[in-house]
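Notes follow the structure.
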Amino acid sequence: MTTSSAQDRADLLHKLGLDQQNKGPIGRVITTGNVEQAKEREDGTMHIRLRINPDEIAWDPAVIVMPHGGDLEIEIFNDDLNTHCALFPSNGDRKFIWLVNHSRGRAKLNLDGPGYYWFSSPTGNDEGRGLTGAIVVLGDVPPEARLDRPEQPRP
Amino acid sequence: MTVEYVDAGEAIDQGDLSGKHGDAPPVVENVTYERILDARSEPQNWLTYYGAYNGQRFSPLDQINTENVKGIGPAWIFQSGTSGMIAGASTYAFEATPIVVDGIMFVSGWDGWVWALDAKTGTEIWRYKHATPFDISLCCGNVNRGVAVAKGKVFSVTPNAHVIALDAVTGKKVWDKTYGDVRAGESATVAPLIVKNMVIVGSSGGEFGVRGHLDSFDLDSGEHLWRCYMVPKPGEPGSETWPADGQAWARGGANCWLTGTFDPETNLLYIGTGNPAPDFDGEVREGDNLFTDSIVAVDADSGQIRWHYQCTPHDVWDYDSISECILFESEGRKLLGHFDKNGYFFVVDRTNGQLVQITPFVDRIDWGNITRDGKVTPARYPDKEGDPVHFYPGPAGAKEWTHAAYSPETELFYVPIQDVGATATRRRREFKESIPYWGAGVQVDIEDMTGYVSAFDANGEEKWRWRNNLPMCASVLATAGGLVFAGTPSGEFNALDARTGELLWQFQCGSGHHSSPTTYSVDGRQYVVVPVGWGGWAEGFLPGMLGAGHGSALIAFALPEGAPSR
């Protein structure tokens, strides 16, 4: 069985129980959740809200998209009835925060990209159950870092 | 009823939860170009990648020597491991050269890690982690070969092709420049080289059809000073060795993915360049393909190429010439020794690139032959679509990137050798940016392989050989204690007698060696330190060990405290 559209994909994920806890596999297959683009402020910094909903053991959104490299501020809400945490990629050192039940915190990240990075809740097997997300940085490297050659074909 | 959220505060640096963090003493503040020029007058330190600009990987330290080496043991072990998901999670390896300045060690790991350690105890002082995208193109493996230090800073490249300067006291970033395009398949693995007030770095990505380059940055400000492309554009010198039509040159490879050496008298950087792209499909790039697979002399101030010597013209075996260019003197001549992946030991006059001698250094070579006067005749190569061709040495070479050493005391070169073949089947493919561009399916032999450490004199005469049942894939280290240290893929760290090759000491480190050991002393006690952590491009140099466990330990060996040194 294959999918041919985004809705088909969502329907099949749900039908097979891949986007829920303890339906298809034991956990929820990573990054099967929502996708959201970070909002950019006038000064170029970006921000987004990130939640852990009750009994989903997943990030919402599961895929955060930054329009370009730079600073990202995340407001994190643990609405779950269990304790989790978060480990985010950032230049300098990874950022860690402990998130007891019904807590709210913040993280400031710097990512240069382009490319994508993982973040997770590194406790127990939160990562395997579904609390693994991705931060995607769009854009290109600075012009001075690009090769001196004609434009090349891409996939 | 609304329940207020518990305030979890702001995320903190993960390193703050390691129990080990602080500031390093300002030992790098006074590390200048002049000190690096005379680095071997400070035998207690290992100030630059090869120990000195000459690339000899030789230490004047002799407290640990042929008489007492059997008494050395681990003094400390530093381990990092991995957590979470990292790029190339199955390929990470510990390939660095530890740098030591007055009792403080600076070393890089995989995936953007840099650490400062107490060189006497192995205790972590600070850490820096560059966030590495999961999806960057890495050939071959999530690896880094080391850092450079000068004027209060630690310099490193990152997997996503940045060069960064860190404060050597705090580990905090001072400047950060992007010098490669990850969307084109570029990355960075090289240990930077400090020359004058410059940080010299090269690019990786030769398996993705990029155009290799060497770059210079001002070490204070990070200002980009020059870039030297190793494949000429149409009309530039050397462009006649590429097809006149099309864009083969623009995808030509020749990456400078290993640290060069430097002679202040000639003011030349001696750089080995990588394979042409596509690696195995030569028909789409007729000609010699300069300056791929070459020893290239680059003027340190201008970044201009002064001369070159091409070891494998029109390479279709993946025989990068990135191996070190060891500078030495013989009979009044300023020479350069280079053990190439193609299985030949080249000695050239480093003032002008004139060939002095060529000798094969591995038993099995059948890809072709090179005569004493440098004439290259290919014999076995993938030239027909879909037709498998077996050849020796395989694409990892008779010697991989890992380094040879030279002892001015014995006047011998010590070389880690891989005697293993491979089969390549040409499969043409269209070029697309960021997609691997090999032009063949390749399978390296998993049987009928061997390895050894050999000692050669400058005339190419083999003086002794220490045999191993597996190819030797780690750098060797020579010391004034009459020793040669060499790690094996199966985890043994060996001390050999530099004059005879006799095995004098061995320690099983628990994981294979694919790095560069160094030696230093603190408070009068000599240490030999080796990063241990199997991985990298194992499918290329030793697929028979692809299933071996990874490791990530840095192990320092020393004589027992208070032991007599002789």
Discussion item. Starting from the 7 Å offset along Cα-to-Cβ, what nm value, one decimal, do you get for the label separation of B:ALA563 and B:GLU223?
Written reply: 5.2
Item to complete: With runs of 4+ DSSP H residues as the only contributors, calculate the mean residue ellipticity of the protein assembly as shown at 222 nm using -39,500 (n - 2.57) per run, divided by the residue total and rounded to the nearest 500.
Response: -500 deg cm²/dmol
Worksheet item: Which value, in Å³ per residue, describes the convex hull spanned by the Cα atoms of chain B?
Response: 160
Response to the item:
Using alpha carbon centers only, the stretch A:13-30 is separated from the stretch B:139-188 by a whole-angstrom value of 40
Worksheet, complete the sentence: Among B:THR259, B:PRO278, B:GLY238, the residue whose Cα sits farthest towards the positive end of the charge dipole of the stretch B:207-278 (+1 at Cβ of Lys and Arg, -1 at Cβ of Asp and Glu, taken about the Cα centre) is B:PRO278
Worksheet entry | Selection from A:PHE96, B:GLY487, B:PRO360 lying farthest towards where the dipole of the protein assembly as shown points positive, charges on Cβ | B:GLY487
Discussion item. Explain nothing, just compute: Karplus ³J(HN,Hα) = 6.51 cos²θ - 1.76 cosθ + 1.60, θ = phi - 60°, for every residue of the stretch B:11-28 in order, whole Hz, x for Gly and Pro.
Written reply: 4, 10, 4, 4, x, 5, 9, 8, x, 9, 7, x, 10, 8, x, x, 5, 8
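How many square angstrom of accessible surface are buried between A and B, both sides summed, with a 1.4 Å probe and rounding to 100? Kindly include the intermediate steps, with their values, before the conclusion.
Details: alone 9650 and 20220 Å², together 25460 Å².
Roughly 4400 Å² of accessible surface disappears when A and B pair.
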Worksheet item: What average count of beta carbons from other chains do you get within 10 Å of the Cβ of residues in A:116-128?
Response: 2
Practice prompt. Take the alpha carbon atoms of the stretch B:299-375, find their center, do the same for the stretch B:489-528, and report the distance between the two centers in whole angstrom.
Written response: 28
Item to complete: Rounding to the nearest 20 debye, state how big the charge dipole of the stretch B:10-59 is about its Cα centre with +1 on each Lys and Arg Cβ and -1 on each Asp and Glu Cβ.
Response: 420
Worksheet item: Hey, got the average number of other protein chain Cβ atoms within 10 angstrom for residues in B:429-442?
Response: 1
Worksheet item: For the cross-link pairs B:LYS151/B:LYS177; B:LYS153/B:LYS177; A:LYS39/B:LYS173; A:LYS95/B:LYS153; B:LYS334/B:LYS375, which exceed 21 Å when the distance is taken from alpha carbon to alpha carbon?
Response: A:LYS39/B:LYS173; A:LYS95/B:LYS153; B:LYS334/B:LYS375
Fill in: Cut-off 20 Å (backbone N to label point 7 Å along Cα→Cβ of B:ASN267), residues of the stretch B:191-209
B:193-201
Practice prompt. Compute the FRET efficiency between A:HIS47 and A:GLN7 as 1/(1 + (r/R0)^6), taking r as their Cβ-Cβ distance and R0 = 22 Å, and round to the nearest 0.05.
Written response: 0.15
Item to complete: Can you tell me the FRET efficiency between A:GLU36 and B:ASN369 if r is taken as the Cβ-Cβ distance and R0 is 60 Å, rounded to the nearest 0.05?
Response: 0.45
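Excluding B:PHE431 itself, calculate the net charge of residues whose Cβ lies under 13 Å from the Cβ of B:PHE431, where each Lys or Arg counts +1 and each Asp or Glu counts -1.
Working: positive: A:ARG149, A:ARG154, B:ARG211, B:ARG251, B:ARG285, B:ARG428, B:ARG429, B:LYS432; negative: A:GLU151, B:GLU207, B:ASP279, B:ASP281, B:GLU430, B:GLU433.
It works out to a net charge of +2.
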Response to the item:
With +1 at each Lys and Arg Cβ and -1 at each Asp and Glu Cβ, the charge dipole magnitude of the stretch A:35-140 around its Cα centre, to the nearest 20 debye, comes out at 220
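Tally up the carbon and sulfur contribution to the accessible surface of the stretch A:35-140 as a whole percent, 1.4 Å probe, everything protein left in place.
47
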Practice prompt. Report which residues of the stretch B:108-153 become buried by 50 Å² or more of accessible surface when going from the isolated chain to the complete set of protein chains (1.4 Å probe; DNA, RNA and ligands ignored).
Written response: B:LYS129, B:ALA131, B:PHE134, B:ASP135
Worksheet entry | Packing-based ranking, highest mean first, of A:91-101, B:445-455, A:33-43 given that Cβ atoms within 10 Å are counted | A:91-101, B:445-455, A:33-43
Discussion item. Rolling a 1.4 Å sphere over the protein heavy atoms, what is the accessible area per residue of chain B, to the nearest Å²?
Written reply: 32
Worksheet item: By its C-alpha gyration tensor, with a ≥ b ≥ c as the square roots of the eigenvalues, how is the stretch A:1-143 shaped: rounded for a/c under 1.5, else prolate for a/b larger than b/c, else oblate?
Response: oblate
Item to complete: Convert each backbone phi in the stretch A:4-18 into a coupling constant with the Karplus relation 6.51 cos²θ - 1.76 cosθ + 1.60 (shift: θ = phi - 60°), then list the ³J(HN,Hα) values in order as whole Hz, x for Gly and Pro.
Response: 10, 8, 4, 5, 4, 4, 4, 5, 5, 4, 5, 4, 7, x, 8
Practice prompt. Taking H placed 1.01 Å from N in the peptide plane, check which residues at least 5 places from B:LEU546 or on another chain put their amide H under 5 Å from its amide H.
Written response: none
Worksheet entry | Within the accessible area of chain B (1.4 Å probe), percent carbon and sulfur | 47
Practice prompt. Quick one: which residues, 5+ away or cross-chain, put their amide H under 5 Å from the amide H of B:VAL210? H built at 1.01 Å from N.
Written response: B:GLY253
Fill in: B:SER239/B:GLU331 FRET efficiency (R0 41 Å; Cβ-Cβ; nearest 0.05)
0.65
Practice prompt. Report the relative contact order of chain B, percent, no decimals, based on alpha-carbon pairs under 8 angstrom and at least 6 residues apart.
Written response: 15
Worksheet item: So what is the relative contact order of the stretch A:35-140, in percent, for Cα pairs below 8 Å that sit 6 or more residues apart?
Response: 28
Item to complete: Give the ranking of B:ARG35, A:ARG149 by solvent-accessible surface, highest area first, calculated with a 1.4 Å probe.
Response: B:ARG35, A:ARG149
Worksheet entry | Other-chain or far-sequence residues with amide H under 5 Å of B:SER490's (modelled H) | B:HIS513
Item to complete: Just report the Cα centroid separation between the stretch B:239-285 and the stretch B:44-78, whole Å.
Response: 34
Worksheet item: A:ASP140 label point, 7 Å along Cα→Cβ, cut-off 18 Å on backbone N: hits in the stretch A:49-69?
Response: A:67-69
Discussion item. From the protein chains alone at 1.4 Å, what is the descending order of accessible area for A:ASP112, B:ASP340, largest first?
Written reply: A:ASP112, B:ASP340
Fill in: Among A:THR32, A:THR132, A:THR123: highest mean-square fluctuation, GNM of chain A, C-alpha pairs under 10 Å
A:THR123
Worksheet entry | Lys, Arg +1 and Asp, Glu -1 on Cβ, resulting dipole of chain B about Cα centre, debye, nearest 20 | 300
Practice prompt. From other protein chains only, count the Cβ atoms within 10 Å of every residue's Cβ in A:106-114, then give the mean.
Written response: 4
Worksheet item: Residue by residue through the stretch B:277-292, which ³J(HN,Hα) values in whole Hz follow from phi under the Karplus form 6.51 cos²θ - 1.76 cosθ + 1.60 (θ = phi - 60°), with glycine and proline marked x?
Response: 10, x, 3, 10, 10, x, 5, 8, 8, 4, x, 6, 6, 5, 9, 6
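The values are calculated or read from the model by the stated rules, or taken from the named source; none is laboratory data. Please read these numbers as outputs of a predicted model, since none were measured by experiment. Here the Cβ is made from the backbone with ideal geometry for all residues, glycine too, and neighbour counts use every protein chain on show. These accessible areas exclude ligands, DNA and RNA; they are computed on the full protein's heavy atoms, side chains included. Shrake-Rupley method; radii C 1.70, N 1.55, O 1.52, S 1.80 Å.
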